[in-house]
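The values are calculated or read from the model by the stated rules, or taken from the named source; none is laboratory data. Fair warning: this is a prediction, and the values are worked out from it, not measured in the lab. Ideal geometry is used to build each Cβ from the backbone, glycine not excepted, and the neighbour counts take in all protein chains shown.
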Amino acid sequence: MGLSSADTATEAIQLCIFDLRRGQQEGQELDKILFFFPADFPFSRQLSVIGLSEGLITFTRIFSPEVACEVIEADRHTHVFYEAEPDIWMVMIVEKNESEAIWRVDALQKVLKEIHSLFLMFHGSIRALLEKEPAGGLIRSHLYPFIIDYLRDFLFGKKLLLPSFRDCLKERGTVQMLTVSREAAIEVQSLVRLLEGSAGNKPCYSLILFQDLLVSTTLSPVDTISLFTYSILRLTPHALSSGVSSWSYLRKGSTASHVATGSILTHSASVLEQVYGSQDTSHGVDDNYHVARPLQQDRWSKGNDGFLVTDLWGAENGSSTPAAPTIWLQQTEERMYLSAYQYKSLTLILLVPVASILNGDQGVSLVKQQVHENASLKMLKVEEILSKGWGGENAYHVSGYRYLLVDGDRSVSRSSPPGKVTTLTKESLLVLSKVREEVDLEKGQMVGVNAGLEKDLEICIRAKNNAWVIARITKGKEVYMVLERANDTLLYASEAVEKFSNRYCNGAFSLD
């Protein structure tokens with residue numbers, strides 16, 4: 001599109017949230033700004049960025065009234081859009097690298113979606129908070145620290161590293177399942193019954209993880225994804241021991257992205273201080289509101305009884321005892337107490353409705369006691385069985401293949417271990433990223449034009465380094481693969497995919 005970036009701010013990344021229903025009267029334009037990063041941008045520049053975004057949204061609706069604007073490519077910037085809630089937009093503006101495009105728009109949009117889904121889980125909807133306090137102070141006091149805490153996971157040294165082409169064998173918004181034996185599955189189900197029975201007659205839900213993989217869930221798919229994401233960000237043994245999220249696209253071994261962050265990073269310390277600690281409310285943060293900050297790093301620890309503890313939710317009224325953590329379920333719109341228990345590599349999460357516990361945190365302590373008494377022996381047995389069947393970090397490595405499997409209907413993915421992916425050349429990863437862009441475009445067109453219809457798709461490309469890059473999509477399932485073997489033919493590549501499909505995917509991607 002022939003859009004000029006001249007009026008766009010020159011910093012490498014901006015992220016904003018605004019409400020199209022607000023600030024429509026002259027002199028009230030600032031009301032529409034709910035969040036802006038970098039927070040030290042002058043309001044005139046914030047309004048300029050949001051005004052441009054609002055204009056693009058309005059303009060594109062003329063040609064596509066049913067499908068929201070998702071991306072606008074300008075001369076020097078990519079504008080990524082996500083309508084998180086009706087008329088509430090999240091926009092990320094990323095400066096383009098002069099030599100190559102290093103990110104996928106879909107991956108950046110999923111960062112925005114992840115921010116919103118996590119915010120919903122902890123604070124409820126943005127619109128509900130606006131209706132509760134129309135002046136906007138309440139929602140801003142929640143959004144600013146929450147998103148800044150989230151972005152800390154992307155800060156490496158003095159660089160803010162976004163998902164790049166090197167992460168094209170990962171998929172946000174999905175869970176990674178642990179494959180278990182029949183014996184283990186029976187024991188896990190027995191443990192689930194004990195866990196949920198520990199709450200007495202109170203309706204509750206549970207989620208069980210081993211390492212960073214999902215073993216069992218009784219939650220809806222949308223709530224499972226949100227809680228799974230948070231668990232591996234802050235709760236699993238890896239997250240607790242390393243002090244960093246285990247769901248980062250930038251895990252050990254990944255090569256740094258080339259996205260420069262300009263003055264964002266130069267002034268990052270002062271910006272964060274302004275957002276967190278200052279009494280100045282010029283950035284929209286009001287210290288009169290008590291706000292839980294569940295995404296702060298290094299604030300969960302393992303207690304002597306095996307339950308994880310934190311003071312992120314503040315203290316109980318009139319005491320110094322930390323308040324019990326709570327979350328909101330999107331499926332049922334219930335507020336739930338969150339209790340997490342950890343034994344070695346096993347993490348168990350029990351959710352009990354706040355409304356069903358009359359005496360608050362004291363009642364939560366009683367439920368924990370019941371869990372410990374009723375299920376501790378079963379936890380030990382399940383952890384032992386899962387450990388015996390676990391193949392370690394490279395358990396899902398397939399020799400000769402670097403792959404990503406995605407089941408879109410179930411929101412489940414599996415991929416080659418990160419350490420194996422780093423053995424791929426830059427050329428292979430760039431080509432795979434381009435292939436994924438093509439698939440994203442095809443899927444987007446299907447949503448917009450032929451919603452509900454499925455389309456089979458296969459792409460095979462020989463890269464300049466003689467690697468084969470392959471994508472196959474069929475019946476809601478996707479496989480992406482890199483075969484770095486020189487001088488092999490297309491027939492060999494096709495047969496390699498067939499062998500992989502038959503052995504590891506029950507023939508889901510076979511052409512027969």
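Look at PHE154 and say whether it is in contact with a strand residue (DSSP E or B) (Cβ under 6 Å, 6 or more places away or on another chain) and among the aromatic types (Phe, Trp, Tyr).
It is true that PHE154 is in contact with a strand residue (DSSP E or B) (Cβ under 6 Å, 6 or more places away or on another chain) and among the aromatic types (Phe, Trp, Tyr).
What is the residue count in the range 22-63 for residues that are under 20 Å from PHE81 (Cα atoms) and among the polar types (S, T, N, Q)?
5
Specify the residue that is nearest to the chain's Cα centre (by Cα); the eligible residues are those in the range 394-411 that are exposed (fewer than 13 other Cβ atoms within 10 Å of the Cβ) and on the phi < 0 side of the Ramachandran plot.
ASP409
Could you check LYS202 against (1) assigned to a helix (DSSP H, G or I); (2) modelled with pLDDT under 95; (3) surrounded by fewer than 18 Cβ atoms within 10 Å (Cβ to Cβ); (4) touching a helix residue (DSSP H, G or I) at 6+ places or on another chain (Cβ under 7 Å) and say which number it fails?
If we test LYS202 against (1) assigned to a helix (DSSP H, G or I); (2) modelled with pLDDT under 95; (3) surrounded by fewer than 18 Cβ atoms within 10 Å (Cβ to Cβ); (4) touching a helix residue (DSSP H, G or I) at 6+ places or on another chain (Cβ under 7 Å), just (1) comes out false.
So, in the range 370-394, exactly how many residues are in contact (Cβ under 8 Å) with a residue 12 or more places away in the chain and not in a helix (DSSP H, G or I)?
3
So GLY173 fits all but one of (1) over 19 Å from TRP328 (Cα atoms); (2) in contact (Cβ under 8 Å) with a residue 12 or more places away in the chain; (3) not in a helix (DSSP H, G or I); what number is the exception?
Status for GLY173: all satisfied but (1).
Looking at the range 286-355, what strands (runs of 3 or more DSSP E) fall wholly within it and have at least 3 residues that are buried (at least 19 other Cβ atoms within 10 Å of the Cβ) and of a type in the set (Val, Ile, Thr)?
Here the list reads 346-353.
Limited to the range 78-96, what total is found for residues that are basic (Lys, Arg) and touching a helix residue (DSSP H, G or I) at 6+ places or on another chain (Cβ under 7 Å)?
Going through the range 78-96 one residue at a time, the tally reaches 0.
Of everything in the range 66-82, what is over 16 Å from LEU20 (Cβ atoms) and either outside any strand (DSSP E or B) or touching an Asp or Glu at 6+ places or on another chain (Cβ under 6 Å) (or both)? Give them in sequence order.
GLU66, VAL67, GLU70, ALA74, ASP75, ARG76, HIS77
Residues in the range 31-41: is at least one among the β-branched types (Val, Ile, Thr) and surrounded by 19 or more Cβ atoms within 10 Å (Cβ to Cβ)?
Taking every residue of the range 31-41 in turn, at least one turns out to be among the β-branched types (Val, Ile, Thr) and surrounded by 19 or more Cβ atoms within 10 Å (Cβ to Cβ).
Within the range 8-30, track down each residue that is acidic (Asp, Glu), surrounded by 12 or more Cβ atoms within 10 Å (Cβ to Cβ) and modelled with pLDDT under 95.
GLU11, GLU29
Pairs only if they're at least six apart or on different chains, beta carbon under 8 angstrom, first in the range 496-512 and of a type in the set (Val, Ile, Thr), second part of a loop (DSSP other than H, G, I, E, B); list them, first residue then second.
Once the first residue is of a type in the set (Val, Ile, Thr) and sits in the range 496-512, its partners that are part of a loop (DSSP other than H, G, I, E, B) give VAL497/PHE509.
Inside the range 83-153, counting only helices (runs of 4 or more DSSP H) that do not spill past its ends, which hold 2 or more residues that are within 14 Å of the chain's Cα centre (by Cα) and modelled with pLDDT of 95 or more?
Answer list for the range 83-153: 105-123, 137-151.
Would you mind finding the one in SER53, SER48 that is assigned to a helix (DSSP H, G or I) and over 24 Å from LEU441 (Cα atoms)?
Just one listed residue meets the conditions, SER48.
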